[in-house]
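Let me begin by presenting the structure, written as structure tokens, before commenting on it.
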Amino acid sequence: MIWIDGPAELGGEISVQGAKNSTLPLLAAAVLCKGQSVLHNCPDLTDVETAVRILEHLGCRCTREGSDLIVDNAMVCCEVPQGLMQEMRSSIVFLGAIVSRCGEARMCFPGGCELGPRPIDLHISALQKLGVEIRESGGCLSCQAPHGIQGAYVSLAFPSVGATENLMLAAVCAKGTTIIANAAREPEISDLAAYLNRCGGRIYGAGESCVIIDGVKELFGAEHRVMPDRIVSATYMAAAAVTGGSITLRDVDNAHILPMLAPFEESGCEVRQMGGSLNIMAPRRLMPVKHIRTMPYPGFPTDAQPVVMSMAAVGRGTSIFVENIFENRYRHAEGLQRLGANIKVEGKVAIVEGVESLTGAPVQAADLRGGAALVVAGLAAHGRTQVGGVEYIRRGYEDLAGNLASLGARIIETKDDP
């Protein structure tokens, strides 16, 4: 449970953790590499713990030393148990890596936050074009590459991040060249390619819509620093915004922040980007964020939409959100309404009429980013806000309550009533 006594103006400096959405495919990539891999700036998250348990089940030895995660690859297994698969959606990214390394893989459909249908059809059809034979039975997948992974031309119907990552992991040691058209362009794709190339891969064009992969015979472990988490950065920026605060974020990649800047600037915040740091100074009362449409990168990210909605809830005027990625991405709206927000949701569209102030109340997180949005709103609410469902938040945020407290928030995380 997270307890917040608000409002309290935030101020100070904080370092941004490594990116969850980069760490998970990087850990899957370690399956392909002989010897030892070291990931620096690896966040301490429950999703990362799940990925580590998958690696250990496969036969790898994982050791954490501070923010470094060391993976010694000694694979003895090509199957991921159902329990581990269902703990997080991103577990599907192990599919391409395992079938590439072992020539076969067995796993069930993944779990994760309930954000609406997120079919893995793209993953399956893409891998089939590389020569992987896939059979489905009882919600589980059995995959084989009897003739090895074969390079091919693959055009994705949608620039799916997960499908692009699975293709890269499967194709990096394939026979011949693979071309991925309409590939995802998210920074996490570039981070994965940088690590694979450091391990001996030959991947070109990552971060663009066409990625070319020349297959190599084998990969060897290497050291790599995980990129900063751009969604966590946006969360702390939103926290400063709703409290009229001024904070500095260290260890950020400002190029990754650019697609998210518009709503902060529209709301009246002054954002200064300085090398590897960012300072945000918020006005006493925010303006509306006007019109937010979530899109694949370099568009506005769906993961940042909930925390920006918390800003809009206390803005002076009307903000409109259009969610184009996930069907159930507005589950946080109900919690915001309990705090006093004026939000109307109709299908993909949410209309937010800003209110003068929010009032603390018990609310329940239903997913990772929605949980963060409720915490952000609680910082601006008058009185005590109680946020349940903290297990969702821990999947992507490293000590969110502690970090906000270091910036001046009156917030604690407990197992019971404080």
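Throughout, read-outs are computed from the coordinates displayed, never taken from laboratory work. Note that the coordinates shown come from a computational prediction; the quantities given were computed from them, not determined experimentally. Here the Cβ is made from the backbone with ideal geometry for all residues, glycine too, and neighbour counts use every protein chain on show.
Annotations
- Global geometry of segment 68-170, whether rounded, prolate or oblate, following the gyration tensor of its Cα atoms and the 1.5 cut on a/c: rounded
- Spherically averaged projected area in nm², based on the convex hull that wraps the Cα atoms of segment 274-418: 9.1 nm²
- Helix 161-171 vs. the chain, principal-axis angle (Cα, 0 to 90°, nearest 10): 20 degrees
- 3J(HN,Hα) along segment 16-30: 8, 5, x, 7, 4, 6, 9, 4, 5, x, 5, 5, 5, 5, 4 Hz, from the Karplus curve 6.51 cos²θ - 1.76 cosθ + 1.60 with θ = phi - 60°, whole Hz, x for Gly and Pro.
- Annotation: Cα Rg of segment 347-402 relative to the compact-globule expectation 2.2 N^0.38 Å equals 1.20.
- When both bridge partners sit in segment 20-225, DSSP labels roughly 70% of those beta bridges antiparallel.
- Whole-Hz Karplus values for segment 255-271 come out as 5, 6, 7, 3, x, 9, 6, 3, x, 5, 5, 4, 6, x, 6, 9, 10 Hz, taken residue by residue from phi with 6.51 cos²θ - 1.76 cosθ + 1.60 and θ = phi - 60°; glycine and proline positions read x.
- Within the listed set V93, V76, V352, the Gaussian network model of the chain (springs between alpha-carbon atoms below 10 Å) gives the highest mean-square fluctuation for V76.
- Shape of segment 209-348, Cα gyration tensor, a/c cut at 1.5: oblate
- Global geometry of segment 20-225, whether rounded, prolate or oblate, following the gyration tensor of its Cα atoms and the 1.5 cut on a/c: rounded
- Beta bridge orientation in the chain: antiparallel %, DSSP, nearest 5: 70 percent
- In nm, spacing of pseudo-spin labels at Q128 and I412 (7 Å Cα→C-beta vector): 5.6 nm
- Euclidean distance of C-alpha centroids, segment 321-397 and segment 35-95, integer Å: 31 Å
- Most to least packed among 165-178, 12-25, 215-228 [average Cβ atoms within 10 Å]: 165-178, 12-25, 215-228
- Nearest-ten-degree value, helix 187-198 long axis tilted from longest Cα axis of the chain: 40 degrees
- Between E79 and R272, the simple spin-label model (points 7 angstrom out along Cα→Cβ) gives 5.9 nm.
- Whole-angstrom gap from segment 184-225 to segment 239-309, using each part's C-alpha centre: 29 Å
- Residues in segment 285-323 reached by a label modelled at E356 [backbone nitrogen below 19 Å; 7 Å Cα→Cβ]: 285-288, 312-318
- Bridges between two residues of segment 238-334, per DSSP, are antiparallel at a rate of about 70%.
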